[in-house]
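Notes to accompany the following structure.
The values are calculated or read from the model by the stated rules, or taken from the named source; none is laboratory data. Note that the structure is predicted; figures quoted are calculated from it, not measured. For neighbour counting, all protein chains shown are included, and Cβ atoms are generated from backbone atoms with ideal geometry for every residue, glycine included. The protein model used for the area step is the full one, side chains on, heavy atoms only, and it has no ligands, DNA or RNA in it. Shrake-Rupley method; radii C 1.70, N 1.55, O 1.52, S 1.80 Å.
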Amino acid sequence: MAKIKVQYEFPMHCLSEILYEYMATAEGLSEWFADEVVEKGDDFYFSWGGSEPERATLIRYKPEGFVRFRWEEDEGTKNFFEMSINIDEITEDLSLNIIDFCDEDDEEENRIYWENLIENLRIKLGAG
């Protein structure tokens, strides 16, 4: 079954440079996204609770702008997950935008998953 594209926007209260480090480095991602993250070139290995690492490849990025990963299981598809920093031109409010793909039946579960991840990130950033 084809996955559907979902998008989320989370207001953040921090500097974009700091947020990008939490999005684009193994050290930053291991603070909030997974229990352990190992970076080998463009491949990132994510582990949760001592499980076998899952590989995601960094397929696109723009420094201090966005990162786009593709999970190993999604190779050969257009599926990916992307985290991008958006700064409002007028208010200068910063938000973290997420694009992800999930099964149609899992849309609510996916939204809650990302909300919990972003709450963890805000705690780490002191940007609650």
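One residue stands out in the stretch 1-16 among those that are open to solvent by 100 Å² or more (accessible area, probe 1.4 Å) and of a type outside the set (D, E): the one that is farthest from E119 (Cα to Cα), namely M1. Among residues of the stretch 107-128 being assigned to a helix (DSSP H, G or I) and open to solvent by less than 60 Å² (accessible area, probe 1.4 Å), the one that is nearest to C14 (Cα to Cα) is L125.
Output yes when any residue across the stretch 17-31 is assigned to a strand (DSSP E or B), crowded, with 17+ Cβ neighbours inside 10 Å and at pLDDT 95 or above, and no when none is. The answer is no, given that none of the residues of the stretch 17-31 is assigned to a strand (DSSP E or B), crowded, with 17+ Cβ neighbours inside 10 Å and at pLDDT 95 or above.
In this structure, G41 qualifies as open to solvent by 30 Å² or more (accessible area, probe 1.4 Å), closer than 26 Å to S16 by Cβ and small (G, A, S). Residues in the stretch 64-94 that are more than 12 Å from the chain's Cα centre (by Cα), within 22 Å of E17 (Cβ to Cβ) and open to solvent by less than 90 Å² (accessible area, probe 1.4 Å): 6 in all.
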